[in-house]
Amino acid sequence: MEQSSLPIIDLAALKGASDLRRTMLAKLAAAARDVGFFYLTGHGLSESEQ
């Protein structure tokens, strides 16, 4: 059985240029569709909020 890591999606890209947003949203869509799970970074939540 092949072991792979979960995709890491940086939500901070939503605040960037339109090409960065498009790229991040495409990665998010692929991760949700193909893997089903992902790590979300750049969300602005502290450790205690998480």
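The numbers here are math on the coordinates, done by the rules we state, and not lab data. Keep in mind that this is a model prediction, so the values were computed, not measured. Virtual Cβ from ideal backbone geometry, glycine too; neighbours counted across all protein chains shown.
Shown in residue order for region 33-43 are the 3J(HN,Hα) couplings computed by the Karplus curve 6.51 cos²θ - 1.76 cosθ + 1.60 at θ = phi - 60°: 6, 8, 9, x, 9, 6, 8, 10, 10, x, 8 Hz (x for Gly and Pro). Count Lys and Arg as plus one, Asp and Glu as minus one, and take only other residues whose Cβ is under 10 Å from that of P7; the net charge is then 0.
Amide H contacts for L40 (H built 1.01 Å from N in the peptide plane; partners 5 or more residues away or on another chain; cut-off under 5 Å): I9. Our helix-only sum for the chain, with -39,500 (n - 2.57) per DSSP H run of n ≥ 4 divided by its residues, gives a mean residue ellipticity at 222 nm of -8000 deg cm²/dmol. Protection proxy ranking, highest mean first, for peptides 8-17, 38-47: 8-17, 38-47, where packing is the per-residue count of other beta-carbon atoms within 10 Å, averaged. Measuring how big the chain is from its alpha-carbon positions, Rg and Dmax come out at 12.4, 39 Å.
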